[in-house]
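What follows is a short report on a single structure.
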Amino acid sequence: MMQKLQQDAFKIFMAGVRAVAPCKLTLEALKVSRDKLFIQDKEYHLNHNVHVVAFGKAVFGMVQAVEKVLGSHIVQGVASVPIGTQNVSETISSTNYQPFRQTTESSCSSNGNKIEIIEGAKDNFPDENAQRAAIKIMKIAESVKENDILLVLVSGGGSALLPLPVSEILLEEKNQTTRILSKKGASIVELNTVRKHLSRIKGGKLAQAAYPASVITLILSDVLGDPMDIIACGPTVPDTSTKRDCLEIVDRLNARLDLPVNVIKYLSSEFDLRNTVELDFSHVNNIIIGNNTVAVDGASWMAKKLGYDVIIHDISVSGESRDVGEFYARLISCEGEKQLSGGIKEIGASEKALCILGAGETTVSVHGNGRGGRNQELALAAAIEMNKFSMKRNYLLLSAGTDGQDGPTSAAGAYAFPNMITMATAQGLNAMMYLKNNDSFSFYTQFENGEYLVNTGLTGTNVMDLHVLLSS
(Lines give C-alpha, C1' and ligand atoms only; values in the text may rest on other atoms or scores of the structure.)
Protein backbone atom coordinates (compact mmCIF):
# COMPACT_ATOMS: atom_id res chain seq x y z
CA MET A 1 0.00 0.00 0.00
CA MET A 2 2.83 2.40 0.80
CA GLN A 3 4.28 1.87 -2.67
CA LYS A 4 0.90 2.76 -4.20
CA LEU A 5 0.70 5.95 -2.13
CA GLN A 6 4.25 6.85 -3.16
CA GLN A 7 3.45 6.35 -6.84
CA ASP A 8 0.25 8.38 -6.56
CA ALA A 9 1.95 11.21 -4.68
CA PHE A 10 4.61 11.46 -7.38
CA LYS A 11 1.99 11.51 -10.16
CA ILE A 12 0.09 14.26 -8.33
CA PHE A 13 3.26 16.29 -7.82
CA MET A 14 4.34 15.96 -11.44
CA ALA A 15 0.88 16.99 -12.66
CA GLY A 16 1.33 20.16 -10.63
CA VAL A 17 4.75 20.72 -12.18
CA ARG A 18 3.48 20.18 -15.68
CA ALA A 19 0.60 22.60 -15.15
CA VAL A 20 3.19 25.38 -14.92
CA ALA A 21 5.14 24.34 -18.01
CA PRO A 22 6.81 27.63 -19.01
CA CYS A 23 6.26 27.13 -22.73
CA LYS A 24 2.53 26.55 -22.30
CA LEU A 25 2.10 29.60 -20.11
CA THR A 26 4.10 31.81 -22.49
CA LEU A 27 2.19 30.64 -25.54
CA GLU A 28 -1.04 31.52 -23.74
CA ALA A 29 0.26 35.01 -22.92
CA LEU A 30 1.50 36.00 -26.41
CA LYS A 31 -0.95 36.60 -29.23
CA VAL A 32 0.30 37.78 -32.64
CA SER A 33 -1.78 38.93 -35.59
CA ARG A 34 0.20 40.13 -38.59
CA ASP A 35 2.37 42.98 -37.30
CA LYS A 36 0.63 43.29 -33.94
CA LEU A 37 1.52 41.73 -30.59
CA PHE A 38 -1.30 41.52 -28.08
CA ILE A 39 -0.61 40.95 -24.38
CA GLN A 40 -3.60 41.24 -22.09
CA ASP A 41 -5.26 44.54 -23.05
CA LYS A 42 -2.18 46.13 -24.65
CA GLU A 43 -1.08 46.22 -28.27
CA TYR A 44 2.48 46.55 -29.62
CA HIS A 45 3.72 47.14 -33.15
CA LEU A 46 6.07 44.49 -34.51
CA ASN A 47 8.72 45.48 -37.07
CA HIS A 48 11.75 43.27 -36.48
CA ASN A 49 12.23 45.25 -33.29
CA VAL A 50 12.08 42.73 -30.45
CA HIS A 51 15.06 42.27 -28.14
CA VAL A 52 14.81 39.39 -25.66
CA VAL A 53 16.49 39.00 -22.28
CA ALA A 54 15.72 36.12 -19.93
CA PHE A 55 16.90 34.82 -16.58
CA GLY A 56 15.69 32.10 -14.25
CA LYS A 57 15.21 28.38 -13.83
CA ALA A 58 12.12 28.30 -16.07
CA VAL A 59 13.03 30.66 -18.90
CA PHE A 60 14.43 28.11 -21.36
CA GLY A 61 10.91 26.94 -22.19
CA MET A 62 9.74 30.55 -22.26
CA VAL A 63 12.49 31.39 -24.77
CA GLN A 64 11.42 28.51 -27.00
CA ALA A 65 7.84 29.81 -27.00
CA VAL A 66 8.96 33.36 -27.79
CA GLU A 67 11.10 32.17 -30.70
CA LYS A 68 8.15 30.18 -32.03
CA VAL A 69 5.67 33.07 -31.81
CA LEU A 70 7.82 36.08 -32.71
CA GLY A 71 10.27 34.46 -35.12
CA SER A 72 11.93 36.96 -37.45
CA HIS A 73 10.81 39.92 -35.35
CA ILE A 74 13.52 38.98 -32.82
CA VAL A 75 16.69 41.02 -33.35
CA GLN A 76 18.86 39.61 -30.56
CA GLY A 77 18.65 38.05 -27.14
CA VAL A 78 20.45 36.53 -24.17
CA ALA A 79 19.08 33.99 -21.68
CA SER A 80 20.80 33.18 -18.39
CA VAL A 81 19.82 29.67 -17.26
CA PRO A 82 21.07 27.10 -14.72
CA ILE A 83 23.86 24.72 -15.63
CA GLY A 84 22.45 21.63 -17.35
CA THR A 85 19.25 23.31 -18.53
CA GLN A 86 19.79 22.56 -22.23
CA ASN A 87 20.32 18.87 -21.46
CA VAL A 88 17.14 18.53 -19.42
CA SER A 89 14.82 15.88 -20.77
CA GLU A 90 11.24 16.97 -21.14
CA THR A 91 10.41 16.12 -17.54
CA ILE A 92 7.28 18.21 -17.40
CA SER A 93 5.87 16.60 -20.53
CA SER A 94 6.01 13.07 -19.10
CA THR A 95 2.87 13.24 -16.97
CA ASN A 96 -0.43 12.57 -18.72
CA TYR A 97 -2.12 15.78 -17.63
CA GLN A 98 -4.90 16.01 -20.19
CA PRO A 99 -6.03 19.64 -19.87
CA PHE A 100 -2.68 20.77 -21.24
CA ARG A 101 -1.95 18.06 -23.78
CA GLN A 102 -2.32 20.48 -26.66
CA THR A 103 0.51 22.76 -25.50
CA THR A 104 3.29 20.63 -24.07
CA GLU A 105 6.92 21.67 -23.90
CA SER A 106 7.65 19.71 -27.08
CA SER A 107 5.30 21.99 -29.03
CA CYS A 108 7.71 24.84 -28.32
CA SER A 109 10.60 23.51 -30.34
CA SER A 110 11.83 26.12 -32.78
CA ASN A 111 14.67 26.79 -35.15
CA GLY A 112 15.41 30.15 -33.58
CA ASN A 113 19.05 30.89 -32.91
CA LYS A 114 19.04 34.63 -32.21
CA ILE A 115 18.83 34.17 -28.45
CA GLU A 116 22.13 33.18 -26.88
CA ILE A 117 21.83 30.69 -24.03
CA ILE A 118 24.38 31.05 -21.21
CA GLU A 119 24.45 28.48 -18.41
CA GLY A 120 25.68 29.37 -14.94
CA ALA A 121 24.87 29.68 -11.23
CA LYS A 122 26.05 26.27 -10.09
CA ASP A 123 24.21 25.16 -6.92
CA ASN A 124 22.00 28.23 -7.32
CA PHE A 125 24.78 30.71 -6.51
CA PRO A 126 25.99 33.44 -8.88
CA ASP A 127 29.22 32.73 -10.74
CA GLU A 128 31.33 34.26 -13.51
CA ASN A 129 29.16 32.77 -16.28
CA ALA A 130 26.00 34.23 -14.77
CA GLN A 131 27.73 37.57 -14.37
CA ARG A 132 28.85 37.46 -18.00
CA ALA A 133 25.23 36.89 -18.99
CA ALA A 134 24.07 39.77 -16.78
CA ILE A 135 26.56 42.13 -18.42
CA LYS A 136 25.28 41.17 -21.88
CA ILE A 137 21.67 41.55 -20.75
CA MET A 138 22.35 45.04 -19.42
CA LYS A 139 24.09 46.01 -22.67
CA ILE A 140 21.03 44.92 -24.66
CA ALA A 141 18.78 46.99 -22.39
CA GLU A 142 21.01 50.02 -22.87
CA SER A 143 21.04 49.59 -26.66
CA VAL A 144 17.29 49.54 -27.41
CA LYS A 145 15.61 52.55 -29.02
CA GLU A 146 12.25 54.23 -28.53
CA ASN A 147 10.41 52.10 -31.10
CA ASP A 148 11.95 48.85 -29.90
CA ILE A 149 10.46 46.24 -27.58
CA LEU A 150 12.52 44.75 -24.77
CA LEU A 151 10.85 41.45 -23.92
CA VAL A 152 11.99 40.29 -20.49
CA LEU A 153 11.37 36.70 -19.36
CA VAL A 154 11.65 36.14 -15.61
CA SER A 155 11.29 33.17 -13.30
CA GLY A 156 12.45 31.97 -9.91
CA GLY A 157 16.20 31.56 -9.67
CA GLY A 158 16.65 34.79 -11.57
CA SER A 159 18.39 36.43 -8.63
CA ALA A 160 21.33 34.04 -8.88
CA LEU A 161 21.36 34.15 -12.67
CA LEU A 162 21.48 37.94 -12.98
CA PRO A 163 24.44 39.02 -10.80
CA LEU A 164 25.79 42.47 -11.55
CA PRO A 165 27.05 43.90 -8.24
CA VAL A 166 27.54 47.60 -7.62
CA SER A 167 31.14 48.63 -8.20
CA GLU A 168 31.83 48.98 -4.49
CA ILE A 169 31.55 45.24 -3.80
CA LEU A 170 32.79 42.01 -5.39
CA LEU A 171 30.60 39.17 -6.60
CA GLU A 172 32.01 36.87 -3.92
CA GLU A 173 31.17 39.43 -1.24
CA LYS A 174 27.60 39.51 -2.49
CA ASN A 175 27.52 35.70 -2.47
CA GLN A 176 28.83 35.62 1.09
CA THR A 177 26.08 38.02 2.11
CA THR A 178 23.42 35.77 0.60
CA ARG A 179 24.83 32.64 2.23
CA ILE A 180 25.09 34.25 5.65
CA LEU A 181 21.61 35.74 5.60
CA SER A 182 20.17 32.44 4.33
CA LYS A 183 21.79 30.48 7.16
CA LYS A 184 20.33 32.92 9.64
CA GLY A 185 16.84 32.17 8.35
CA ALA A 186 16.20 35.17 6.11
CA SER A 187 13.02 34.92 4.08
CA ILE A 188 13.08 35.28 0.29
CA VAL A 189 11.64 38.78 0.67
CA GLU A 190 14.43 39.78 3.06
CA LEU A 191 17.13 38.20 0.88
CA ASN A 192 15.95 39.85 -2.29
CA THR A 193 15.49 43.24 -0.63
CA VAL A 194 19.18 43.21 0.27
CA ARG A 195 20.29 41.77 -3.06
CA LYS A 196 18.45 44.51 -4.99
CA HIS A 197 20.48 47.20 -3.28
CA LEU A 198 23.76 45.43 -4.00
CA SER A 199 22.96 45.25 -7.72
CA ARG A 200 23.32 47.52 -10.75
CA ILE A 201 20.56 45.72 -12.65
CA LYS A 202 17.88 44.67 -10.16
CA GLY A 203 15.27 46.73 -8.33
CA GLY A 204 13.93 48.33 -11.53
CA LYS A 205 17.32 49.28 -12.92
CA LEU A 206 17.04 47.04 -16.00
CA ALA A 207 13.82 48.77 -17.07
CA GLN A 208 15.33 52.19 -16.50
CA ALA A 209 18.29 51.28 -18.70
CA ALA A 210 15.87 50.49 -21.55
CA TYR A 211 13.87 53.74 -21.30
CA PRO A 212 12.02 54.89 -23.42
CA ALA A 213 11.66 51.58 -25.30
CA SER A 214 8.62 49.46 -24.48
CA VAL A 215 9.43 46.87 -21.82
CA ILE A 216 7.25 43.77 -21.52
CA THR A 217 8.05 41.42 -18.66
CA LEU A 218 6.50 37.96 -18.42
CA ILE A 219 6.94 36.54 -14.93
CA LEU A 220 6.61 33.01 -13.58
CA SER A 221 6.29 33.62 -9.85
CA ASP A 222 8.17 31.70 -7.18
CA VAL A 223 7.34 34.00 -4.26
CA LEU A 224 4.32 33.92 -1.94
CA GLY A 225 1.69 36.42 -2.99
CA ASP A 226 3.44 37.15 -6.33
CA PRO A 227 5.18 40.41 -5.30
CA MET A 228 6.72 41.44 -8.61
CA ASP A 229 9.37 43.61 -6.95
CA ILE A 230 10.72 40.53 -5.12
CA ILE A 231 10.60 37.86 -7.85
CA ALA A 232 14.18 37.67 -9.21
CA CYS A 233 14.68 40.96 -7.34
CA GLY A 234 12.34 42.86 -9.68
CA PRO A 235 14.68 44.13 -12.44
CA THR A 236 11.78 45.86 -14.21
CA VAL A 237 9.69 46.80 -11.15
CA PRO A 238 9.91 49.97 -9.03
CA ASP A 239 11.71 49.33 -5.75
CA THR A 240 9.97 50.72 -2.69
CA SER A 241 12.76 49.73 -0.29
CA THR A 242 15.88 51.66 0.75
CA LYS A 243 19.32 50.88 2.06
CA ARG A 244 17.99 51.65 5.51
CA ASP A 245 15.52 48.78 5.13
CA CYS A 246 18.43 46.49 4.26
CA LEU A 247 20.31 47.42 7.40
CA GLU A 248 17.19 46.80 9.48
CA ILE A 249 16.98 43.30 7.99
CA VAL A 250 20.66 42.67 8.71
CA ASP A 251 20.27 43.82 12.32
CA ARG A 252 17.06 41.86 12.84
CA LEU A 253 18.99 38.73 11.83
CA ASN A 254 21.94 39.76 14.02
CA ALA A 255 24.22 39.53 10.99
CA ARG A 256 26.03 42.88 10.86
CA LEU A 257 29.31 41.54 12.26
CA ASP A 258 29.20 38.48 9.98
CA LEU A 259 28.79 40.25 6.63
CA PRO A 260 31.69 41.52 4.49
CA VAL A 261 32.90 44.94 5.58
CA ASN A 262 32.39 46.40 2.09
CA VAL A 263 28.73 45.35 2.08
CA ILE A 264 27.98 47.05 5.40
CA LYS A 265 29.94 50.10 4.32
CA TYR A 266 27.98 50.37 1.08
CA LEU A 267 24.59 49.89 2.73
CA SER A 268 25.53 52.51 5.34
CA SER A 269 26.63 55.11 2.79
CA GLU A 270 24.63 58.30 2.34
CA PHE A 271 24.49 58.00 -1.43
CA ASP A 272 21.37 56.85 -3.30
CA LEU A 273 19.21 56.53 -0.21
CA ARG A 274 16.04 57.03 -2.23
CA ASN A 275 14.19 54.14 -3.86
CA THR A 276 13.27 53.85 -7.56
CA VAL A 277 9.53 54.20 -7.09
CA GLU A 278 9.75 57.91 -8.01
CA LEU A 279 11.18 57.14 -11.46
CA ASP A 280 9.16 56.77 -14.67
CA PHE A 281 7.95 53.21 -15.33
CA SER A 282 5.16 54.14 -17.76
CA HIS A 283 6.98 52.25 -20.53
CA VAL A 284 6.87 48.98 -18.58
CA ASN A 285 4.23 46.25 -18.56
CA ASN A 286 4.86 43.57 -15.91
CA ILE A 287 2.66 40.45 -16.14
CA ILE A 288 2.41 37.36 -13.94
CA ILE A 289 1.76 34.41 -16.28
CA GLY A 290 1.95 31.58 -13.74
CA ASN A 291 2.28 30.79 -10.03
CA ASN A 292 1.75 28.05 -7.49
CA THR A 293 -2.04 28.40 -7.69
CA VAL A 294 -1.83 27.00 -11.22
CA ALA A 295 0.39 24.15 -9.99
CA VAL A 296 -2.01 23.28 -7.18
CA ASP A 297 -4.90 23.20 -9.66
CA GLY A 298 -2.95 20.72 -11.78
CA ALA A 299 -2.09 18.56 -8.78
CA SER A 300 -5.72 18.64 -7.64
CA TRP A 301 -6.89 17.50 -11.07
CA MET A 302 -4.59 14.48 -10.99
CA ALA A 303 -5.50 13.58 -7.39
CA LYS A 304 -9.20 13.52 -8.28
CA LYS A 305 -8.43 11.44 -11.36
CA LEU A 306 -6.69 8.91 -9.11
CA GLY A 307 -9.76 8.68 -6.88
CA TYR A 308 -8.86 10.98 -3.98
CA ASP A 309 -11.07 13.52 -2.28
CA VAL A 310 -9.04 16.73 -2.37
CA ILE A 311 -8.62 19.39 0.28
CA ILE A 312 -6.47 22.43 -0.56
CA HIS A 313 -4.95 23.35 2.79
CA ASP A 314 -2.92 26.47 1.95
CA ILE A 315 -1.10 27.90 -1.09
CA SER A 316 1.03 30.26 0.99
CA VAL A 317 2.74 27.86 3.39
CA SER A 318 5.72 29.46 5.11
CA GLY A 319 7.72 29.22 8.33
CA GLU A 320 10.48 26.94 9.55
CA SER A 321 10.60 23.68 7.58
CA ARG A 322 10.69 21.60 10.74
CA ASP A 323 7.64 23.29 12.18
CA VAL A 324 5.67 22.84 8.98
CA GLY A 325 6.68 19.17 8.78
CA GLU A 326 5.50 18.60 12.32
CA PHE A 327 2.26 20.37 11.50
CA TYR A 328 1.52 18.02 8.60
CA ALA A 329 2.29 15.03 10.84
CA ARG A 330 -0.12 16.24 13.51
CA LEU A 331 -2.87 16.62 10.90
CA ILE A 332 -3.08 12.85 10.64
CA SER A 333 -3.05 12.25 14.40
CA CYS A 334 -6.18 12.32 16.49
CA GLU A 335 -5.17 15.78 17.71
CA GLY A 336 -4.57 16.96 14.17
CA GLU A 337 -8.15 16.29 13.14
CA LYS A 338 -9.18 19.29 15.24
CA GLN A 339 -6.54 21.72 14.02
CA LEU A 340 -8.22 22.93 10.86
CA SER A 341 -11.82 23.55 9.91
CA GLY A 342 -13.80 22.01 7.09
CA GLY A 343 -12.88 18.68 5.54
CA ILE A 344 -9.68 18.27 7.52
CA LYS A 345 -11.71 17.46 10.60
CA GLU A 346 -12.83 14.33 8.81
CA ILE A 347 -9.42 12.81 8.11
CA GLY A 348 -9.79 10.04 10.61
CA ALA A 349 -13.48 9.44 10.04
CA SER A 350 -13.53 9.47 6.26
CA GLU A 351 -13.49 6.10 4.54
CA LYS A 352 -12.43 7.65 1.25
CA ALA A 353 -8.90 8.15 0.03
CA LEU A 354 -7.91 11.72 0.85
CA CYS A 355 -5.36 14.14 -0.62
CA ILE A 356 -4.40 17.31 1.24
CA LEU A 357 -2.47 19.80 -0.91
CA GLY A 358 -0.25 22.61 0.28
CA ALA A 359 2.14 24.93 -1.51
CA GLY A 360 4.59 27.67 -0.61
CA GLU A 361 8.15 28.06 0.55
CA THR A 362 9.52 27.31 3.99
CA THR A 363 12.89 28.33 5.43
CA VAL A 364 15.70 26.54 7.23
CA SER A 365 17.73 28.07 10.03
CA VAL A 366 21.04 26.26 9.62
CA HIS A 367 22.75 25.16 12.84
CA GLY A 368 24.63 22.10 11.56
CA ASN A 369 27.02 21.38 8.72
CA GLY A 370 25.11 18.71 6.84
CA ARG A 371 23.52 18.69 3.37
CA GLY A 372 19.88 19.07 2.60
CA GLY A 373 17.12 21.39 1.50
CA ARG A 374 13.95 22.78 2.97
CA ASN A 375 11.77 20.00 1.53
CA GLN A 376 13.95 17.15 2.76
CA GLU A 377 14.16 18.76 6.19
CA LEU A 378 10.39 19.23 6.24
CA ALA A 379 9.82 15.57 5.35
CA LEU A 380 12.32 14.26 7.91
CA ALA A 381 10.77 16.38 10.67
CA ALA A 382 7.33 15.10 9.64
CA ALA A 383 8.49 11.47 9.80
CA ILE A 384 9.95 11.97 13.27
CA GLU A 385 6.70 13.55 14.48
CA MET A 386 4.57 10.82 12.84
CA ASN A 387 6.51 8.24 14.82
CA LYS A 388 4.94 9.58 18.01
CA PHE A 389 1.40 8.62 17.04
CA SER A 390 -0.52 5.41 16.48
CA MET A 391 -2.07 5.59 13.02
CA LYS A 392 -5.27 3.84 11.98
CA ARG A 393 -4.78 4.39 8.25
CA ASN A 394 -1.97 4.51 5.72
CA TYR A 395 -0.43 7.95 5.23
CA LEU A 396 2.33 9.41 3.12
CA LEU A 397 3.67 12.95 2.72
CA LEU A 398 5.62 14.25 -0.29
CA SER A 399 7.38 17.60 -0.08
CA ALA A 400 9.33 18.74 -3.13
CA GLY A 401 10.43 21.77 -5.12
CA THR A 402 8.79 22.30 -8.49
CA ASP A 403 12.19 23.19 -9.95
CA GLY A 404 13.49 19.69 -9.22
CA GLN A 405 16.30 20.89 -6.94
CA ASP A 406 16.04 21.09 -3.16
CA GLY A 407 18.91 23.15 -1.82
CA PRO A 408 22.41 22.23 -3.05
CA THR A 409 21.42 18.57 -3.60
CA SER A 410 20.42 16.42 -6.55
CA ALA A 411 16.97 15.67 -5.09
CA ALA A 412 13.74 17.65 -5.44
CA GLY A 413 12.52 16.64 -1.99
CA ALA A 414 11.54 13.59 0.03
CA TYR A 415 8.72 11.43 1.40
CA ALA A 416 7.63 10.73 4.96
CA PHE A 417 5.36 8.04 6.40
CA PRO A 418 4.46 6.87 9.93
CA ASN A 419 6.81 3.89 10.43
CA MET A 420 9.79 5.40 8.60
CA ILE A 421 11.73 6.23 11.75
CA THR A 422 11.23 2.75 13.18
CA MET A 423 12.61 1.31 9.96
CA ALA A 424 15.52 3.77 9.95
CA THR A 425 16.42 2.97 13.54
CA ALA A 426 16.57 -0.73 12.64
CA GLN A 427 19.07 0.22 9.94
CA GLY A 428 21.24 2.06 12.47
CA LEU A 429 20.18 5.56 11.44
CA ASN A 430 19.52 8.16 14.13
CA ALA A 431 17.01 10.42 12.38
CA MET A 432 17.02 13.09 15.08
CA MET A 433 20.79 13.51 14.87
CA TYR A 434 20.58 13.98 11.11
CA LEU A 435 17.86 16.58 11.58
CA LYS A 436 19.84 18.48 14.21
CA ASN A 437 22.81 18.60 11.84
CA ASN A 438 20.67 19.83 8.91
CA ASP A 439 21.76 16.65 7.15
CA SER A 440 18.48 15.37 5.73
CA PHE A 441 19.99 14.50 2.34
CA SER A 442 22.50 12.14 3.95
CA PHE A 443 19.70 10.51 5.95
CA TYR A 444 17.51 9.90 2.92
CA THR A 445 20.45 8.78 0.79
CA GLN A 446 21.28 6.05 3.31
CA PHE A 447 17.72 5.09 4.27
CA GLU A 448 16.51 2.30 1.98
CA ASN A 449 19.23 3.27 -0.51
CA GLY A 450 17.57 6.56 -1.32
CA GLU A 451 14.19 5.09 -2.25
CA TYR A 452 12.32 7.87 -0.46
CA LEU A 453 14.08 10.80 -2.08
CA VAL A 454 12.01 12.57 -4.74
CA ASN A 455 14.21 12.60 -7.83
CA THR A 456 13.03 14.42 -10.96
CA GLY A 457 16.10 16.19 -12.25
CA LEU A 458 15.72 19.83 -13.27
CA THR A 459 12.13 20.31 -14.40
CA GLY A 460 12.52 23.54 -16.33
CA THR A 461 9.98 25.39 -14.19
CA ASN A 462 9.85 26.95 -10.72
CA VAL A 463 6.86 28.00 -8.61
CA MET A 464 8.13 27.14 -5.13
CA ASP A 465 7.19 23.85 -3.41
CA LEU A 466 4.28 21.43 -3.38
CA HIS A 467 3.19 19.32 -0.42
CA VAL A 468 1.08 16.24 -1.05
CA LEU A 469 -0.38 14.40 1.97
CA LEU A 470 -2.25 11.18 1.09
CA SER A 471 -4.29 8.83 3.23
CA SER A 472 -6.03 5.60 2.27
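The values are calculated or read from the model by the stated rules, or taken from the named source; none is laboratory data. This one's a predicted model, so the numbers in the text were calculated from it and none came from an experiment. Ideal geometry is used to build each Cβ from the backbone, glycine not excepted, and the neighbour counts take in all protein chains shown. Accessible surface is based on the protein model in full, side chains and every heavy atom, while ligands, DNA and RNA are left aside. Shrake-Rupley method; radii C 1.70, N 1.55, O 1.52, S 1.80 Å.
Of all residues being open to solvent by 30 Å² or more (accessible area, probe 1.4 Å) and of a type in the set (D, E, K, R) in region 358-389, which is farthest from the chain's Cα centre (by Cα)? Just the residue, please.
Going through the qualifying residues, I end up with LYS388.
Please verify whether THR402 is in contact with a Leu (Cβ under 9 Å, 6 or more places away or on another chain), under 30 Å from THR85 (Cα atoms) and crowded, with 24+ Cβ neighbours inside 10 Å, treating the condition exactly as stated.
Answer is yes for this residue.
Out of curiosity, is SER214 over 22 Å from the mean Cα position of the chain (by Cα) and crowded, with 16+ Cβ neighbours inside 10 Å? Let's see the steps before the verdict.
Details: over 22 Å from the mean Cα position of the chain (by Cα): yes; crowded, with 16+ Cβ neighbours inside 10 Å: yes.
It is true that SER214 is over 22 Å from the mean Cα position of the chain (by Cα) and crowded, with 16+ Cβ neighbours inside 10 Å.
Scan region 19-48 residue by residue and report those that are open to solvent by 90 Å² or more (accessible area, probe 1.4 Å) and under 28 Å from the mean Cα position of the chain (by Cα).
Selection gives GLU28, LYS31, GLN40, ASP41.
Any residue that is hydroxyl-bearing (Ser, Thr, Tyr) and touching a helix residue (DSSP H, G or I) at 6+ places or on another chain (Cβ under 6 Å) - is there at least one of those in region 232-242?
Applying the first criterion (hydroxyl-bearing (Ser, Thr, Tyr)) to region 232-242 yields 236, 240-242.
Those left that are additionally touching a helix residue (DSSP H, G or I) at 6+ places or on another chain (Cβ under 6 Å): 236, 241.
Looking through region 232-242, at least one residue is hydroxyl-bearing (Ser, Thr, Tyr) and touching a helix residue (DSSP H, G or I) at 6+ places or on another chain (Cβ under 6 Å).
Could you list all residues from region 52-76 that are surrounded by fewer than 24 Cβ atoms within 10 Å (Cβ to Cβ) and part of a strand (DSSP E or B)?
ILE74, VAL75, GLN76
Tell me yes or no: at least one residue of region 135-156 is open to solvent by 10 Å² or more (accessible area, probe 1.4 Å), more than 30 Å from ASP35 (Cβ to Cβ) and modelled with pLDDT under 95.
Checked region 135-156: no residue is open to solvent by 10 Å² or more (accessible area, probe 1.4 Å), more than 30 Å from ASP35 (Cβ to Cβ) and modelled with pLDDT under 95.
Being touching a helix residue (DSSP H, G or I) at 6+ places or on another chain (Cβ under 6 Å) and farther than 15 Å from ILE216 by Cα is the filter here; which residues of region 28-64 pass it?
HIS48, GLY56, ALA58, PHE60, GLY61, GLN64, listed by residue number.
Does GLY407 meet the test of being under 29 Å from the mean Cα position of the chain (by Cα), at pLDDT below 95 and at positive phi?
Spelling it out, GLY407 is indeed under 29 Å from the mean Cα position of the chain (by Cα), at pLDDT below 95 and at positive phi.
Select from region 443-457 the residues that are open to solvent by 50 Å² or more (accessible area, probe 1.4 Å) and assigned to a loop (DSSP other than H, G, I, E, B) and write down the one among them that is nearest to VAL154 (Cα to Cα).
ASN455
Please go through region 402-431 and give me each residue that is farther than 17 Å from GLU451 by Cα and touching a Lys or Arg at 6+ places or on another chain (Cβ under 8 Å), ordered by number. Lay out the reasoning, then the answer.
As a first pass, look at region 402-431 and keep what is farther than 17 Å from GLU451 by Cα: 402-403, 407-408, 430.
ASP403, GLY407, PRO408, listed by residue number.
If you go through region 163-211 one residue at a time, how many are under 27 Å from ILE287 (Cβ atoms), open to solvent by 40 Å² or more (accessible area, probe 1.4 Å) and part of a helix (DSSP H, G or I)?
4
Before we move on, is GLY457 touching a residue at least 40 places away in the same chain (Cβ under 8 Å) and within 20 Å of the chain's Cα centre (by Cα)?
yes
Considering only residues that are crowded, with 16+ Cβ neighbours inside 10 Å and either without any contact (Cβ under 8 Å) to a residue 60 or more places away in the chain or over 13 Å from ASP8 (Cα atoms) (or both), which ones fall in region 301-313?
Across region 301-313, the qualifying residues are VAL310, ILE311, ILE312, HIS313.
Examine region 419-431 for a residue that is touching a residue at least 40 places away in the same chain (Cβ under 8 Å) and either open to solvent by 10 Å² or more (accessible area, probe 1.4 Å) or among the hydroxyl-bearing types (Ser, Thr, Tyr) (or both), and state whether such a residue exists.
No, region 419-431 has no match at all.
Given the residues LYS392, LYS436, which is the only one that is among the charged types (D, E, K, R), surrounded by fewer than 24 Cβ atoms within 10 Å (Cβ to Cβ) and within 21 Å of GLN3 (Cβ to Cβ)?
LYS392
Being modelled with pLDDT of 95 or more and on the phi > 0 side of the Ramachandran plot narrows it down to one of ASN262, ASN286, ASN254, so name that one.
ASN254
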